[in-house]
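Quick notes on the structure that follows.
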Amino acid sequence: MPPLVTLLSDFGSGSPYPAAMRAVLAAYGEMRCIDISHDVPPHDVRAGAYLLSTIVPFTPAGTVHVAVVDPGVGTSRRALIVVAGGQYFVGPDNGVLMPAARRAGAPRAYVITDEALLRGVRSSTFHGRDLFAPAAGRLAQGTPPGVLGAPAPEIVDLDLGTGRVVRGALVGEILYVDAFGNLITNIPASLLPPAGTRVMLRAGRRLMVARVSRTYGEAARGRLVVVPGSDGLVEIAVREGRASVALHASAGAPVRLGPAR
Amino acid sequence: MPPLVTLLSDFGSGSPYPAAMRAVLAAYGEMRCIDISHDVPPHDVRAGAYLLSTIVPFTPAGTVHVAVVDPGVGTSRRALIVVAGGQYFVGPDNGVLMPAARRAGAPRAYVITDEALLRGVRSSTFHGRDLFAPAAGRLAQGTPPGVLGAPAPEIVDLDLGTGRVVRGALVGEILYVDAFGNLITNIPASLLPPAGTRVMLRAGRRLMVARVSRTYGEAARGRLVVVPGSDGLVEIAVREGRASVALHASAGAPVRLGPAR
Amino acid sequence: MPPLVTLLSDFGSGSPYPAAMRAVLAAYGEMRCIDISHDVPPHDVRAGAYLLSTIVPFTPAGTVHVAVVDPGVGTSRRALIVVAGGQYFVGPDNGVLMPAARRAGAPRAYVITDEALLRGVRSSTFHGRDLFAPAAGRLAQGTPPGVLGAPAPEIVDLDLGTGRVVRGALVGEILYVDAFGNLITNIPASLLPPAGTRVMLRAGRRLMVARVSRTYGEAARGRLVVVPGSDGLVEIAVREGRASVALHASAGAPVRLGPAR
């Protein structure tokens with residue numbers, strides 16, 4: 001079967017730029033393209049890194065991921081290929097690739113040095129089309145990353161962190177707010193107390209009582225729940241409502257789940 | 001040619017969840033994936049059911065439709081495969097599949113009982129990825145639904161209703177508001193009076209005079225028109241404007257088209 | 001490899017209509033579909049024409065482009081196939097195809113006259129599904145446009161214009177506002193003064209000092225820059241901000257870049 005190629009960017013879902021990348025990729029042969037999201041908040045490298053990391057458990061070895069959240073495009077920031085667990089990650093050297101790569105396996109990074117690829121950069125503002133897509137096309141054709149780049153001794157890293165237990169409470173951070181207004185944290189779901197437990201939840205500036213639940217649907221409508229999310233992380237939700245509104249919370253805000261008195 | 005697989009959800013167009021479903025599906029072989037929409041209003045089973053029903057006249061036998069509008073995910077609600085007119089429908093047992101299935105043919109429903117499929121449910125919040133996509137993949141490979149599930153004697157039904165004539169007026173309901181602000185009703189377009197007829201239109205709380213037209217473009221700019229929509233249903237539109245704003249109307253609101261004095 | 005087919009419309013990214021077009025296209029054999037954008041501002045033929053024109057440098061001969069920004073659907077406006085540089089353009093005769101076609105090569109236009117295609121028009125409001133998609137499917141199968149239509153002696157043209165030098169200043173128009181709030185003008189980037197030059201920028205009603213830069217990332221955060229865009233046109237941007245907000249400017253507004261005193 002043709003290789004999988006995924007695309008992630010902050011171009012916006014109405015943008016024509018992903019289509020330009022797909023058109024460029026199409027010249028490299030048959031592949032199966034999957035858009036992860038093009039609605040990463042503009043320039044939010046951290047949100048992009050999180051979203052990319054959610055897909056790698058479900059894509060096979062040989063998959064090529066292209067991530068373009070790239071506020072430094074056209075500056076001296078380098079262009080990378082990272083190999084991990086047999087999957088390839090192509091994008092800027094700003095950390096956006098790293099959480100996904102670590103999740104896929106032990107990352108090895110290459111700085112793109114291939115002359116033909118670098119000559120293709122016709123614009124200083126759209127390396128997604130001019131450099132990353134062609135590099136991804138070459139990888140999808142089977143070109144080894146070592147042919148397209150040189151091992152990178154040092155790269156920009158990015159760590160989404162892992163929530164943990166601090167004096168009896170779960171402490172972490174909001175990574176992402178999804179389309180339902182659910183708050184996805186970096187706290188491993190395995191740390192949650194049993195379903196039914198009442199917890200005191202602090203997210204952003206609000207303090208509210210919530211209940212641990214196995215699923216959204218088990219709570220009463222409008223009730224705040226803490227659930228093990230689909231990605232193995234704790235999620236905060238309001239049944240058929242928006243937790244982001246109820247808690248005035250957004251990505252980057254600290255979260256604390258303590259015992260309710 | 002590889003089978004068609006359609007995806008519908010309320011995940012939001014920027015969500016990474018459809019990509020996770022596509023990645024899972026990709027493991028089941030070549031198929032041609034079509035996104036119907038991922039912008040169903042959150043938890044709006046009725047809107048999802050309508051949108052799914054619009055595609056089935058254009059998809060061939062063998063097509064697999066996956067619909068994930070699933071506020072009850074992780075509760076005891078069952079997971080279904082419905083067969084109708086040679087097309088397959090996979091999703092929760094909450095009615096979202098039924099209007100489309102009835103439109104495709106005589107529906108026969110199966111509750112998913114396959115052990116391997118049910119064992120794959122690793123999260124209690126994302127059956128789209130963990131259960132419905134794998135079931136769709138198996139169907140796309142040609143596995144008969146009877147192998148994956150057991151006939152369901154009773155399922156949750158959902159009827160979008162059909163507008164009709166009541167004392168000389170057309171009476172129905174708004175099913176959907178499209179991106180232009182056009183109001184799509186459940187009134188069959190065949191019941192419309194001839195183009196040019198003036199009608200008294202009540203939608204939501206507003207009462208306005210409109211004109212029946214064959215097409216949007218025949219009206220004057222800003223004028224309210226009633227047209228036979230592309231799906232065979234009456235649509236209410238404002239030429240190069242937004243009927244939803246002019247009439248303060250949204251999905252679920254009653255509609256009445258009576259003679260204008 | 002299967003032919004490329006691109007889709008562009010103002011249906012909105014949550015709309016089910018592009019899926020209906022894809023389902024219709026799927027019946028014509030294997031092809032590789034690319035969505036350029038379905039978020040063209042409703043009825044904005046000019047914005048659609050611009051977006052379509054950005055893709056043609058990256059698509060090969062044989063590509064079929066379908067553009068549905070069609071406020072006149074169902075009226076007497078004609079349906080066109082335009083051939084240019086070996087690429088095909090299908091859509092309404094309102095100019096939306098022309099800037100892209102001219103960019104691809106010397107356009108030759110045909111009015112669709114094929115009986116079978118015209119008989120397929122089952123709705124007066126959705127020619128994208130009923131006429132343009134089937135015509136595109138036939139072209140993708142290799143049917144020559146002369147078989148599907150008759151040469152059109154005269155068609156509706158549309159010119160995006162080209163910014164130029166007027167008394168020492170660059171004068172043009174905003175063609176498009178992208179998802180970052182960047183303003184894409186019709187001024188060729190080759191006319192820009194060297195990077196580092198300060199310019200007096202008038203866009204809409206605002207007058208502001210900006211700096212010519214090679215790339216977004218070289219400016220200070222929040223600073224207004226003028227850059228050579230990825231499409232060879234001058235773009236106005238605010239580093240990690242929104243130029244459209246800073247300048248209160250939108251598509252169609254005149255732009256003037258003069259020397260800063």
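For the stretch C:57-67, how many residues meet the condition of being under 20 Å from C:L160 (Cβ atoms) and either open to solvent by 10 Å² or more (accessible area, probe 1.4 Å) or assigned to a loop (DSSP other than H, G, I, E, B) (or both)?
Total meeting the criteria: 3.
For the stretch B:98-122, which residues satisfy the criterion of being free of Cβ contacts under 8 Å to residues at least 40 places away in the same chain and more than 18 Å from B:I55 (Cβ to Cβ)?
B:A106, B:I112, B:T113, B:D114, B:E115, B:A116, B:L117, B:L118, B:R119, B:G120, B:V121, B:R122
Among the listed residues B:P71, B:P92, which satisfies the condition of being in contact with a Phe, Trp or Tyr (Cβ under 9 Å, 6 or more places away or on another chain), under 25 Å from B:E173 (Cβ atoms) and surrounded by fewer than 24 Cβ atoms within 10 Å (Cβ to Cβ)?
Details: B:P92 fails: surrounded by fewer than 24 Cβ atoms within 10 Å (Cβ to Cβ).
Matching residue, one of B:P71, B:P92: B:P71.
Could you check, for the stretch A:237-247, whether at least one of its residues is within 14 Å of another protein chain (Cβ to nearest Cβ), surrounded by fewer than 16 Cβ atoms within 10 Å (Cβ to Cβ) and touching a residue at least 12 places away in the same chain (Cβ under 8 Å)? So that I can check it myself, show each step before the final result.
Filtering the stretch A:237-247 down to residues within 14 Å of another protein chain (Cβ to nearest Cβ) leaves A:237-245.
Checking which are surrounded by fewer than 16 Cβ atoms within 10 Å (Cβ to Cβ) leaves us with A:245.
Going one step further and asking which of them are touching a residue at least 12 places away in the same chain (Cβ under 8 Å), we end up with A:245.
Yes: the stretch A:237-247 contains one or more residues that are within 14 Å of another protein chain (Cβ to nearest Cβ), surrounded by fewer than 16 Cβ atoms within 10 Å (Cβ to Cβ) and touching a residue at least 12 places away in the same chain (Cβ under 8 Å).
Quick check on the stretch C:95-114: of everything there that is of a type in the set (V, I, T) and under 17 Å from C:G149 (Cα atoms), which residue is least open to solvent (accessible area, probe 1.4 Å)?
C:I112
Which of the following residues is closer than 19 Å to C:T63 by Cα, surrounded by fewer than 24 Cβ atoms within 10 Å (Cβ to Cβ) and of a type outside the set (A, V, I, L, M): C:G86, C:G120? Give the derivation first.
Values: C:G120 fails: closer than 19 Å to C:T63 by Cα.
Going through C:G86, C:G120 in turn, just one is closer than 19 Å to C:T63 by Cα, surrounded by fewer than 24 Cβ atoms within 10 Å (Cβ to Cβ) and of a type outside the set (A, V, I, L, M): C:G86.
Return the residue satisfying two criteria in turn: it lies in the stretch A:15-32 and is in contact with a strand residue (DSSP E or B) (Cβ under 7 Å, 6 or more places away or on another chain) and surrounded by fewer than 22 Cβ atoms within 10 Å (Cβ to Cβ), and of such residues it is farthest from the other protein chains (Cβ to nearest Cβ).
Checking each candidate, the answer is A:M31.
Please specify each residue of the stretch B:94-114 satisfying the condition of being more than 10 Å from the chain's Cα centre (by Cα) and assigned to a helix (DSSP H, G or I).
Within the stretch B:94-114, B:A101, B:R102, B:R103, B:A104 meet the criteria.
Among the residues of the stretch B:73-86, is any under 13 Å from B:A136 (Cβ atoms), touching a Gly at 6+ places or on another chain (Cβ under 7 Å) and either β-branched (V, I, T) or away from chain A (no Cβ under 14 Å) (or both)?
Yes, the stretch B:73-86 contains a residue that is under 13 Å from B:A136 (Cβ atoms), touching a Gly at 6+ places or on another chain (Cβ under 7 Å) and either β-branched (V, I, T) or away from chain A (no Cβ under 14 Å) (or both).
Can you find even one residue in the stretch A:131-154 that is of a type in the set (V, I, T), farther than 22 Å from A:G29 by Cβ and either under 21 Å from the mean Cα position of the chain (by Cα) or assigned to a loop (DSSP other than H, G, I, E, B) (or both)?
Looking only at the stretch A:131-154, we keep the residues that are of a type in the set (V, I, T), and these are A:143, A:147.
Next, from what is left, pick out any that are farther than 22 Å from A:G29 by Cβ: none.
The answer is no, given that none of the residues of the stretch A:131-154 is of a type in the set (V, I, T), farther than 22 Å from A:G29 by Cβ and either under 21 Å from the mean Cα position of the chain (by Cα) or assigned to a loop (DSSP other than H, G, I, E, B) (or both).
Among the numbered criteria (1) out of contact with any Ser or Thr (no Cβ under 9 Å at 6 or more places or on another chain); (2) touching a residue at least 60 places away in the same chain (Cβ under 8 Å); (3) of a type outside the set (S, T, Y), which one does A:V90 miss?
Going through (1) out of contact with any Ser or Thr (no Cβ under 9 Å at 6 or more places or on another chain); (2) touching a residue at least 60 places away in the same chain (Cβ under 8 Å); (3) of a type outside the set (S, T, Y) one by one, A:V90 breaks only (2).
Which numbered condition in (1) of a type outside the set (G, A, S); (2) surrounded by fewer than 23 Cβ atoms within 10 Å (Cβ to Cβ); (3) assigned to a strand (DSSP E or B) is the only one that C:R261 fails?
(3)
Would the stretch A:213-224 turn up any residue that is touching a strand residue (DSSP E or B) at 6+ places or on another chain (Cβ under 8 Å) and in contact (Cβ under 8 Å) with a residue 40 or more places away in the chain?
No, the stretch A:213-224 contains no residue that is touching a strand residue (DSSP E or B) at 6+ places or on another chain (Cβ under 8 Å) and in contact (Cβ under 8 Å) with a residue 40 or more places away in the chain.
Could you tell me whether any residue of the stretch B:142-160 is surrounded by fewer than 22 Cβ atoms within 10 Å (Cβ to Cβ), free of Cβ contacts under 8 Å to residues at least 60 places away in the same chain, in contact with an Asp or Glu (Cβ under 6 Å, 6 or more places away or on another chain) and not assigned by TED's automatic domain parsing to the domain that holds B:A116?
No.
Going through the stretch B:35-48 one residue at a time, which ones are surrounded by fewer than 24 Cβ atoms within 10 Å (Cβ to Cβ) and within 24 Å of B:A140 (Cβ to Cβ)?
B:D35, B:H38, listed by residue number.
Go through (1) of a type outside the set (K, R); (2) more than 9 Å from chain A (Cβ to nearest Cβ); (3) under 30 Å from A:R242 (Cα atoms); (4) not in a loop (DSSP other than H, G, I, E, B) for B:V40 and report which single condition fails.
That leaves (4) as the condition not met.
List every residue pair whose Cβ atoms sit under 7 Å apart, with the two residues 6 or more apart in sequence or on different chains, where the first one lies in the stretch C:170-181 and is in a strand (DSSP E or B) and the second, anywhere, is open to solvent by 30 Å² or more (accessible area, probe 1.4 Å) and of a type in the set (A, V, I, L, M).
C:L170/C:L191; C:I174/C:A251; C:L175/C:A251; C:Y176/C:A251; C:V177/C:A251
Considering (1) within 11 Å of another protein chain (Cβ to nearest Cβ); (2) farther than 17 Å from B:F180 by Cβ, say which one C:L8 fails and leave the rest.
Of (1) within 11 Å of another protein chain (Cβ to nearest Cβ); (2) farther than 17 Å from B:F180 by Cβ, only one is false for C:L8: (2).
Can you work out which of the residues in the stretch C:161-176 that are open to solvent by 60 Å² or more (accessible area, probe 1.4 Å) and among the β-branched types (V, I, T) is nearest to C:A49 (Cα to Cα)?
C:T162
If you take the residues of the stretch C:177-188 that are under 17 Å from C:L224 (Cβ atoms) and among the aliphatic types (A, V, I, L, M), which of them is most open to solvent (accessible area, probe 1.4 Å)?
Per the criteria, the residue is C:V177.
The values are calculated or read from the model by the stated rules, or taken from the named source; none is laboratory data. Remember, predicted model here, so these are calculated numbers, not experimental data. No Cβ is skipped: glycine too gets one built from the backbone with ideal geometry, and neighbour counts run over all protein chains shown. Please note that ligands, DNA and RNA were not included when accessible areas were found on the heavy atoms of the full protein model with its side chains. Shrake-Rupley method; radii C 1.70, N 1.55, O 1.52, S 1.80 Å.
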